[in-house]
Each structure stands twice: as structure tokens, then as C-alpha cells.
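Visitor: The structure is given below, and queries will be raised subsequently.
The values are calculated or read from the model by the stated rules, or taken from the named source; none is laboratory data. Everything numeric in this text was worked out from a predicted model, so none of it was measured. Here the Cβ positions follow ideal geometry from the backbone for every residue, glycine too, while neighbour counts run over all protein chains shown. Quick note on the areas: whole protein, heavy atoms, side chains included, nothing else; ligands and nucleic acids left out. Shrake-Rupley method; radii C 1.70, N 1.55, O 1.52, S 1.80 Å.
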Amino acid sequence: MNFTLSRRIGKFVFDRRVVMLLLVIGLLVAGRSWLADHPEHNPWAPLSLDHPTGWATERKLLALRSDVPACRAVLERSAVSFTALEPAGEGECRRDDRTRLGDYPLNPDTPATTCPVAVAMELWKRNSLDPVAKEIFGSKVARVEHMGAYSCRRMYGRDDGPWSEHATANALDIGGFVLEDGTRISVLADWPGEGDKQRFLREVRDGACTVFATVLSPDYNAAHANHFHFDMYDRWTSVCR
């Protein structure tokens, strides 16, 4: 009798293990299928700017900072027009990565930046800039008024200290926006107070914090009273002020 009971218990344990194994296999298959349908959450899926932002997006963006060919492949995969320019400069201001977006509404021109900045700008426009403008004003953004990307200098123009991200065009300063309906929004004039323009500026600033490594606004200090500073500094955590 004890022998029979032991055999039954052993069979039950074996059956339970088989069931657990089948459940694990089922979950893996289901998970793989779900990731295939949601590439924005799949760390192994190639990044496309056409995908919504997901769990894996930040990690993929970080990886682009040290891989220019992979970064430009993302622009190509996402059908974003750009030109890869020849390297320029020397020393601390050497720019090996000079990527110029083709049809971004920057004004007065479209400066060459690093590819990660170009990717972040495109994501910012798609996910924040145009949707926020449409929601608040019922009009898309026609022009993004910038104050420059490249400047061979140290931070705050000092004679010593860390080099600015602008020294390699790994940054872009934004001073204002003009909507398709003609509405102009200035960081300097419209940041203080409350209203639609103020709401727009704060929401697009917050949206930039999801794709750029550094976002500095008038909330940071007086030196940024008239512009947003965006850059793709090589760090694992973002700064959003």
C-alpha cells in the first residue's frame, strides 16, 4: 500500500512539473508574440521613430550616443531626411558627427548637430511639439526659432572649466516658436505668468525631458531666461530643469 501511494505521489510530482514547464513555454511564446506586436517595449527590436515611446526607448536612445552609424540607420529606417556632413574642427571642438536634418522647421536655418540630437529633435516634434500645439492652439508648429548649435567654447563662455556640449554641436538652444496660424511664442516674453502660451512652453519643455539628456529652461537660472537648452550629454540619467 505504501509502495502504491509512493508511486502515485511521484506521478503527481512529475505531472505538476510537466504542467509548470508547459505554462512557462506558453508564457514565453505569448511574451515573444506580445513583444513582436509592441517593438517599443522590446529591447532587441531596432529603434524606429515611428514606434510609440515605450519601456525600451530610453535604453535604445542611450545606445545611439556612441554609435553614429546605428544612429543614422534609425533616421533612415524612420524615413527622416538628413545629410551626413564631413567632420570638421580640431581638438576639443572636433566634430566627427555632423548630421543635418533635411526638412525640420528650424529657423533661420538648419544647423548640423550630432545625430543623437537630430533623433531627439525629431522625436520631440512628433511626440510633443506638434501634439501640444494642436491641442492648445489648434495649429501645428511652422517654425522653431533656434539660437545656434555649434560654438567652440567652454560652459558659460568661461576661460576654464568643462567644455560646453555646444563645442561639438551636441546641443541646440531654442528661443521661440511660430505656429501655422501665425501665433508667435517666445521663451523670454511668454514664460512668466499663466495662459495658453505659458502652458505650451512648459508642456513642450517637459516633453523634451523624455528624449534629451539635458533640458534647461528659465526655471534653471538667469542665463537661460530667453531659451531652452537641449543636449545629449553622455550620462545615464537625465537633467530636466
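Visitor: Please go through segment 60-116 and pick out each residue that is at pLDDT below 95, under 16 Å from Phe230 (Cβ atoms) and in a helix (DSSP H, G or I).
Guide: Correct list: Leu61, Leu62, Leu64.
Visitor: Okay, moving on. Here is a list: Thr210, Thr214, Thr114, Thr183. Which entry is out of contact with any His (no Cβ under 9 Å at 6 or more places or on another chain), within 30 Å of Gly91 (Cα to Cα) and either open to solvent by less than 10 Å² (accessible area, probe 1.4 Å) or touching a residue at least 12 places away in the same chain (Cβ under 8 Å) (or both)?
Guide: Numbers: Thr210 fails: within 30 Å of Gly91 (Cα to Cα); Thr214 fails: out of contact with any His (no Cβ under 9 Å at 6 or more places or on another chain); Thr183 fails: within 30 Å of Gly91 (Cα to Cα).
Just a single option satisfies the conditions, and that option is Thr114.
Visitor: Of (1) open to solvent by less than 30 Å² (accessible area, probe 1.4 Å); (2) at pLDDT 95 or above, Ala56 satisfies all except one. Which?
Guide: Result: Ala56 passes all but (2).
Visitor: Taking the condition closer than 25 Å to Ala63 by Cα, more than 18 Å from the chain's Cα centre (by Cα), surrounded by fewer than 21 Cβ atoms within 10 Å (Cβ to Cβ) and acidic (Asp, Glu), does Asp173 pass?
Guide: Values: closer than 25 Å to Ala63 by Cα: yes; more than 18 Å from the chain's Cα centre (by Cα): no; surrounded by fewer than 21 Cβ atoms within 10 Å (Cβ to Cβ): yes; acidic (Asp, Glu): yes.
Answer is no for this residue.
Visitor: Report yes if Asp196 is within 23 Å of the chain's Cα centre (by Cα) and charged (D, E, K, R), otherwise no.
Guide: No; evaluated as a whole, the condition is false for this residue.
Visitor: From the set of residues in segment 217-241 that are hydroxyl-bearing (Ser, Thr, Tyr) and free of Cβ contacts under 8 Å to residues at least 24 places away in the same chain, which is most open to solvent (accessible area, probe 1.4 Å)?
Guide: My answer is Thr237.
Visitor: So, one more: As an exercise: evaluate Ala142 against (1) free of Cβ contacts under 8 Å to residues at least 40 places away in the same chain; (2) of a type outside the set (Val, Ile, Thr); (3) part of a loop (DSSP other than H, G, I, E, B) and give the number of the one condition it does not meet.
Guide: (3)
Visitor: When you check Asp219 against the structure, is it under 18 Å from Lys140 (Cα atoms) and at pLDDT 95 or above, yes or no? Let's see the steps before the verdict.
Guide: Details: under 18 Å from Lys140 (Cα atoms): no; at pLDDT 95 or above: yes.
Judged against the criteria, Asp219 is not a match.
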